[in-house]
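The values are calculated or read from the model by the stated rules, or taken from the named source; none is laboratory data. Predicted, not measured: the structure shown is a model, and the values here were computed from it. Glycine gets a Cβ as well: all are built from the backbone with ideal geometry, and neighbour counts include every protein chain shown.
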Amino acid sequence: MKKILVGADIGGSHISCMGVDPGGNRISDELKTRMEVDSQASSDVILSCWAGALNELIRLIGKENLGGLGFAMPGPFDYPGGIAWFKGVQKYDSLYGVNVKKELQDRLGLDASVPVRFLNDASCFAIGEAWTGKAASFQRSMSITLGTGFGSAFIADGIPVESGPDVPEFGCVYHLPFGGSIADDHFSTRWFSGRYKAITGLDISGVKELVELDSGSPIFDEFGSNMGNFLAPWLLKFRAECLVIGGNISNSYSLFEKPFRLALEKHDCNIPVFLSGMGELGGITGAARLCDDSFYSRLPFISDK
């Protein structure tokens, strides 16, 4: 049996894990676990939940068949070192300064030869899409995630590009100036909630509720147009051959697709735009690929050393 790579997606309220074959061609529905996690709990409770979900999956795989663990992890986090630096992000604050890698190795009883690796969740999503998803047939792609935050990654030949003249630092666009503040304030759930309240005086929880209340709201047109105008210069600068969109807000893409595409076209940015068909599996698959030594050694924070 080939060694199975485990990818884990660390969300704000859960951990999802799946077994992936090294070629990325098979993700077994039988080799998966999911567990709810209280991100405000103590470090011991959080780590116990993560280890519990992983242990259950490792039992299904067989420890002798485990090729490594890869984590799609939100930040702030020391990805090469495996140390959490969550602070002021309303989740996992109790893990601040904790060596998550060592804790999980100990709790899972893993030999040091078994890779345990971490990377930003948006980067893992983009890696997964470029490996086995919608961007697999393109050499240069950009992937974004639209949800509680605005995630992004630029990919060339399967590898995230995090520096150089064609991308912002770390490949992140969320912090870049836009509309009097930063992009994250405009391309996330809280923008929809804030914009709706500014117009109507009413509170909504997010995009799903807005769709239920008013799927024809001009807010969707404004969002799509703004996002196209913001992304087009970066897509052109990077010479991206396609854009992949994921995250919960992408479920409403049909409501802002037309103004978004019109804004791209206004900048002569005429590349294919795909909705992710992988969803959470994109991040999980990308995380699993971190366990491939030949791939991992090419990542920017490794190759720059």
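Ser13 meets all of the listed conditions (1) at pLDDT below 95; (2) within 25 Å of Gly279 (Cβ to Cβ); (3) touching a helix residue (DSSP H, G or I) at 6+ places or on another chain (Cβ under 9 Å); (4) among the small types (Gly, Ala, Ser) but one, namely (3). The condition of being modelled with pLDDT under 95 and assigned to a helix (DSSP H, G or I) holds for only one of Arg34, Arg59, that being Arg59. Which condition breaks for Leu119 when tested against (1) surrounded by fewer than 21 Cβ atoms within 10 Å (Cβ to Cβ); (2) of a type in the set (A, V, I, L, M); (3) not in a loop (DSSP other than H, G, I, E, B)? Here Leu119 meets the rest and fails (1). For Ile15, which of the numbered conditions (1) assigned to a helix (DSSP H, G or I); (2) free of Cβ contacts under 8 Å to residues at least 40 places away in the same chain; (3) buried (at least 21 other Cβ atoms within 10 Å of the Cβ) fails to hold? With respect to (1) assigned to a helix (DSSP H, G or I); (2) free of Cβ contacts under 8 Å to residues at least 40 places away in the same chain; (3) buried (at least 21 other Cβ atoms within 10 Å of the Cβ), Ile15 is out only on (1).
Across region 142-189, the qualifying residues are those that are free of Cβ contacts under 8 Å to residues at least 60 places away in the same chain and either among the acidic types (Asp, Glu) or not assigned by TED's automatic domain parsing to the domain that holds Cys269 (or both), and the one among them that is surrounded by the most Cβ atoms within 10 Å (Cβ to Cβ) is Asp184.
Checking the stated criteria, Ser205 turns out to be over 15 Å from Val273 (Cα atoms), assigned to a loop (DSSP other than H, G, I, E, B), among the small types (Gly, Ala, Ser) and out of contact with any Phe, Trp or Tyr (no Cβ under 7 Å at 6 or more places or on another chain).
Selection over region 129-188 of residues that are under 12 Å from Phe238 (Cα atoms) and assigned to a loop (DSSP other than H, G, I, E, B) gives a count of 9. Return yes when Ile219 is modelled with pLDDT of 95 or more, outside any strand (DSSP E or B) and more than 30 Å from Leu299 (Cα to Cα) and no when it is not. For Ile219, the condition - modelled with pLDDT of 95 or more, outside any strand (DSSP E or B) and more than 30 Å from Leu299 (Cα to Cα) - is met.
The rows are residues; the columns are (1) closer than 20 Å to Glu169 by Cα; (2) touching a strand residue (DSSP E or B) at 6+ places or on another chain (Cβ under 9 Å); (3) assigned by TED's automatic domain parsing to the domain that holds Gly164.
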residue	(1), (2), (3)
Lys208	no, no, yes
Val211	no, no, yes
Ser217	no, no, yes
Asn226	no, yes, yes
Trp234	yes, yes, yes
Lys258	no, no, yes
Arg261	no, yes, yes
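The residues of region 127-141 that are surrounded by fewer than 24 Cβ atoms within 10 Å (Cβ to Cβ) and not hydroxyl-bearing (Ser, Thr, Tyr), listed by number, are Trp131, Lys134, Ala136, Phe138, Gln139, Arg140. Residue-level check: of (1) in a helix (DSSP H, G or I); (2) of a type outside the set (Phe, Trp, Tyr); (3) outside the structural domain of Val161 (by TED's automatic domain parsing), Cys291 misses just (1). Whether a residue is in a loop (DSSP other than H, G, I, E, B) and within 22 Å of Met142 (Cα to Cα) was assessed, and Ala232 does not pass this test.
Please enumerate the residues belonging to region 27-70 that are among the hydroxyl-bearing types (Ser, Thr, Tyr), under 21 Å from Glu280 (Cβ atoms) and touching a Leu at 6+ places or on another chain (Cβ under 6 Å). Of everything in region 27-70, just one residue is among the hydroxyl-bearing types (Ser, Thr, Tyr), under 21 Å from Glu280 (Cβ atoms) and touching a Leu at 6+ places or on another chain (Cβ under 6 Å), namely Thr33.
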